[in-house]
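Following this message is one structure expressed as structure tokens.
The values are calculated or read from the model by the stated rules, or taken from the named source; none is laboratory data. Keep in mind it's a predicted model, so treat the numbers as computed, not measured. Cβ coordinates were reconstructed from backbone atoms using ideal geometry, including for glycine residues, and neighbour counts include every protein chain displayed.
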């Protein structure tokens with residue numbers, strides 16, 4: 001377990017030693033702030049529902065930037081050989097890397113908690129729906145991170161890793177648009193697979209088992225695939 | 001210490017290792033020789049459990065590489081061909097990280113890091129970022145990483161490639177100083193180097209072991225038909241010209 005933390009710590013320091021972390025942090029927070037202002041100014045209601053939707057949209061674009069190098073860089077520089085010949089299980093490597101990126105992502109979420117204090121100061125927001133909204137966006141981001149880590153484990157090229165995760169995230173995020181032309185069970189499947197309806201429930205204060213299971217199983221599924229993906233034994 | 005039996009390795013249809021068998025005893029220093037692409041790195045990667053063998057069996061210190069790879073990894077220190085370094089870390093942080101994931105007990109970690117810094121002669125760059133170091137320093141940081149957990153078996157893949165003569169000498173000295181404590185396998189194509197360090201030579205050609213002898217024996221065998229004793233280089237060239245003629249068999 002201590003090795004999982006050692007890897008997580010190493011990942012986290014790597015983020016803060018490269019400019020990409022600061023670019024993502026500053027960009028995310030500035031864009032979020034602008035949208036927060038615009039949405040509150042327009043809606044004139046003490047709710048973060050639409051802010052969460054914008055955050056979700058932005059994360060579709062930002063998270064692949066955070067995760068693209070997690071495994072691909074190790075593969076490119078050969079440090080993966082160092083990790084995988086050290087007495088540490090592949091599961092611990094994957095978990096450590098996931099934990100590191102999760103902590104960084106949680107930092108971004110924590111910085112947006114200020115929005116709650118601002119609307120709390122000026123109005124009477126529904127605290128419960130804000131709390132569940134934060135939980136929802138955090139779960140969704142965590143799912144996106146797992147997808148990003150998975151695609152990063154497929155290649156030693158960061159760009160390919162990023163583009164692959166864009167493809168997956170776009171299809172999950174925009175799948176709702178295709179449901180117009182679908183009907184019956186197909187419609188239900190696409191609706192469930194897409195992220196749209198799941199976060200929607202959280203932002204209005206609903207925590208349903210189906211939504212939580214959706215995110216958690218998605219995360220676990222991606223991490224298990226990553227775990228097997230980095231194993232060289234598949235190509236014996 | 002190491003027992004390899006009929007190890008083969010396929011990459012797709014390409015057979016990188018053909019029926020490789022050998023035994024290495026504790027405390028031996030063995031040199032893997034061979035041209036580029038002969039299969040040295042593949043063999044080392046299989047020994048370290050980084051790659052699985054397609055068939056065959058390898059036992060290191062009583063543990064099967066296939067079944068107990070974690071136990072194996074605790075026993076070995078490995079320096080791949082390109083030192084596996086994180087260029088944005090400082091030498092100190094990197095070694096600390098290596099010590100953490102290689103089971104160096106937390107209490108002795110700091111003193112162990114100081115020891116390897118001194119042993120590898122890199123104390124003066126301990127606070128520098130690895131990315132700015134010269135090739136020679138990087139190589140030595142790579143060796144420091146490999147010996148940090150006091151492995152019984154040290155596997156070095158071309159530890160001196162790309163170094164200038166002085167750095168080369170330093171690395172060689174370092175490897176020599178290590179050999180008193182442990183079994184060492186190293187690969188190189190700089191033959192004079194192996195002559196100075198290794199006691200036993202395994203020559204690999206196209207995935208097959210064609211020579212497995214002590215250095216003295218090998219030189220003696222090939223000096224029979226000549227008046228003067230051969231150098232390893234002459235033997236190497238001779239062996240490769242012989243086998244390339246017999247390539248069609």
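So in segment A:72-103, with the set limited to residues that are under 14 Å from residue A:231 (Cα atoms) and surrounded by fewer than 17 Cβ atoms within 10 Å (Cβ to Cβ), which one is farthest from the other protein chains (Cβ to nearest Cβ)?
Among those that are under 14 Å from residue A:231 (Cα atoms) and surrounded by fewer than 17 Cβ atoms within 10 Å (Cβ to Cβ), it is A:91.
Under the condition of being surrounded by 17 or more Cβ atoms within 10 Å (Cβ to Cβ) and over 30 Å from residue A:76 (Cβ atoms), which residue from segment A:168-179 is farthest from the chain's Cα centre (by Cα)?
Filtering first and then ranking leaves A:179.
Residues to consider are A:14, A:46, A:21, A:6; find the one that is more than 21 Å from residue A:83 (Cα to Cα), surrounded by 15 or more Cβ atoms within 10 Å (Cβ to Cβ) and either within 14 Å of another protein chain (Cβ to nearest Cβ) or in contact with a strand residue (DSSP E or B) (Cβ under 9 Å, 6 or more places away or on another chain) (or both). Give the steps one after another, and end with the answer.
Numbers: A:14 fails: more than 21 Å from residue A:83 (Cα to Cα); A:46 fails: either within 14 Å of another protein chain (Cβ to nearest Cβ) or in contact with a strand residue (DSSP E or B) (Cβ under 9 Å, 6 or more places away or on another chain) (or both); A:6 fails: more than 21 Å from residue A:83 (Cα to Cα).
Checking each option against the conditions leaves just A:21.
Can you give me the number of residues within segment B:120-141 that are touching a helix residue (DSSP H, G or I) at 6+ places or on another chain (Cβ under 7 Å), part of a loop (DSSP other than H, G, I, E, B) and surrounded by fewer than 21 Cβ atoms within 10 Å (Cβ to Cβ)?
So the answer is 5.
Answer with yes or no whether residue B:53 is without any contact (Cβ under 8 Å) to a residue 12 or more places away in the chain and either over 26 Å from residue B:178 (Cβ atoms) or within 14 Å of chain A (Cβ to nearest Cβ) (or both). Please lay out each step first, then the result.
Numbers: without any contact (Cβ under 8 Å) to a residue 12 or more places away in the chain: no; either over 26 Å from residue B:178 (Cβ atoms) or within 14 Å of chain A (Cβ to nearest Cβ) (or both): yes.
Criteria not met by residue B:53.
Could you tell me whether residue B:111 is within 24 Å of residue A:6 (Cα to Cα) and not in a helix (DSSP H, G or I)? Outline the logic, then answer.
Numbers: within 24 Å of residue A:6 (Cα to Cα): yes; not in a helix (DSSP H, G or I): no.
So residue B:111 fails the test.
Could you tell me whether segment B:30-42 includes any residue that is surrounded by 15 or more Cβ atoms within 10 Å (Cβ to Cβ), touching a strand residue (DSSP E or B) at 6+ places or on another chain (Cβ under 6 Å) and more than 24 Å from residue B:241 (Cα to Cα)?
No, because not a single residue in segment B:30-42 is surrounded by 15 or more Cβ atoms within 10 Å (Cβ to Cβ), touching a strand residue (DSSP E or B) at 6+ places or on another chain (Cβ under 6 Å) and more than 24 Å from residue B:241 (Cα to Cα).
Further question: Sort out for me the helices (runs of 4 or more DSSP H) sitting completely within segment A:129-236 that have 1 or more residues that are within 14 Å of residue A:64 (Cβ to Cβ). Write out each step before concluding.
Numbers: elements: A:158-174, A:184-193, A:196-203, A:209-229.
Per the criteria, A:158-174, A:209-229.
Moving on to the next point. Name every residue in segment B:203-237 that is at pLDDT 75 or above and more than 27 Å from residue B:3 (Cβ to Cβ), in order of residue number.
The initial filter retains those residues of segment B:203-237 that are at pLDDT 75 or above, namely B:203-221, B:231-237.
Once the filter is applied, which keeps residues that are at pLDDT 75 or above and more than 27 Å from residue B:3 (Cβ to Cβ), segment B:203-237 yields B:231, B:233, B:234, B:237.
For segment B:57-87, name all the residues that are at the interface with another protein chain (Cβ under 9 Å from one of its Cβ atoms), in a loop (DSSP other than H, G, I, E, B) and over 19 Å from the mean Cα position of the chain (by Cα).
Listed by number, the residues that qualify are B:86, B:87.
Looking only at segment B:189-214, count every residue that is under 23 Å from residue B:10 (Cα atoms) and in contact with a helix residue (DSSP H, G or I) (Cβ under 7 Å, 6 or more places away or on another chain) and tell me the total.
Initial filter on segment B:189-214 (under 23 Å from residue B:10 (Cα atoms)): B:202-212.
Pick out the ones that are also in contact with a helix residue (DSSP H, G or I) (Cβ under 7 Å, 6 or more places away or on another chain) and you get B:203-205, B:210-211.
Total satisfying the criteria: 5.
Could you go through segment B:63-85 and let me know if any residue there is buried (at least 23 other Cβ atoms within 10 Å of the Cβ), out of contact with any helix residue (DSSP H, G or I) (no Cβ under 8 Å at 6 or more places or on another chain), modelled with pLDDT of 90 or more and closer than 28 Å to residue B:13 by Cβ.
So far as segment B:63-85 goes, no, none of its residues is buried (at least 23 other Cβ atoms within 10 Å of the Cβ), out of contact with any helix residue (DSSP H, G or I) (no Cβ under 8 Å at 6 or more places or on another chain), modelled with pLDDT of 90 or more and closer than 28 Å to residue B:13 by Cβ.
Can you tell me which residue in segment A:107-117 is farthest from the other protein chains (Cβ to nearest Cβ), limited to those that are surrounded by 15 or more Cβ atoms within 10 Å (Cβ to Cβ) and assigned to a helix (DSSP H, G or I)? Give the derivation first.
Residues of segment A:107-117 that are surrounded by 15 or more Cβ atoms within 10 Å (Cβ to Cβ), as a first pass: A:108-109, A:112, A:115-116.
From the residues that got through so far, the ones that are assigned to a helix (DSSP H, G or I) too are A:108-109, A:115-116.
Details: A:108: 21, A:109: 25, A:115: 33, A:116: 35 Å.
Looking at the filtered set, the residue picked out is A:116.
Residue check, residue B:101 against (1) free of Cβ contacts under 8 Å to residues at least 60 places away in the same chain; (2) away from chain A (no Cβ under 12 Å); (3) surrounded by 16 or more Cβ atoms within 10 Å (Cβ to Cβ), all met but one. Which one?
Condition (2) is where residue B:101 drops out.
With respect to residue A:165, determine if the residue is at pLDDT below 85, under 17 Å from residue A:56 (Cα atoms) and crowded, with 16+ Cβ neighbours inside 10 Å.
Numbers: at pLDDT below 85: no; under 17 Å from residue A:56 (Cα atoms): yes; crowded, with 16+ Cβ neighbours inside 10 Å: yes.
For residue A:165, the condition - at pLDDT below 85, under 17 Å from residue A:56 (Cα atoms) and crowded, with 16+ Cβ neighbours inside 10 Å - is not met.
While we're on this one: In segment A:180-194, is there at least one residue being within 16 Å of the chain's Cα centre (by Cα) and either away from chain B (no Cβ under 14 Å) or buried (at least 20 other Cβ atoms within 10 Å of the Cβ) (or both)? Even if it seems obvious, please write down each step before you answer.
Restricting attention to segment A:180-194, the residues satisfying the condition of being within 16 Å of the chain's Cα centre (by Cα) are A:193-194.
Right, trim to either away from chain B (no Cβ under 14 Å) or buried (at least 20 other Cβ atoms within 10 Å of the Cβ) (or both) and you get A:193-194.
Checked segment A:180-194: at least one residue is within 16 Å of the chain's Cα centre (by Cα) and either away from chain B (no Cβ under 14 Å) or buried (at least 20 other Cβ atoms within 10 Å of the Cβ) (or both).
I've got another one for you. Is it the case that residue B:117 is part of a helix (DSSP H, G or I), over 20 Å from residue B:51 (Cβ atoms) and modelled with pLDDT under 90?
Criteria not met by residue B:117.
Sticking with this structure for a sec: Does segment B:88-98 hold any residues that are facing chain A (nearest Cβ under 7 Å) and either surrounded by 19 or more Cβ atoms within 10 Å (Cβ to Cβ) or under 21 Å from the mean Cα position of the chain (by Cα) (or both), and which are they? Break it down stepwise before answering.
Here is the first cut: in segment B:88-98, the ones facing chain A (nearest Cβ under 7 Å) are B:88, B:97.
Across segment B:88-98, the qualifying residue is only B:97.
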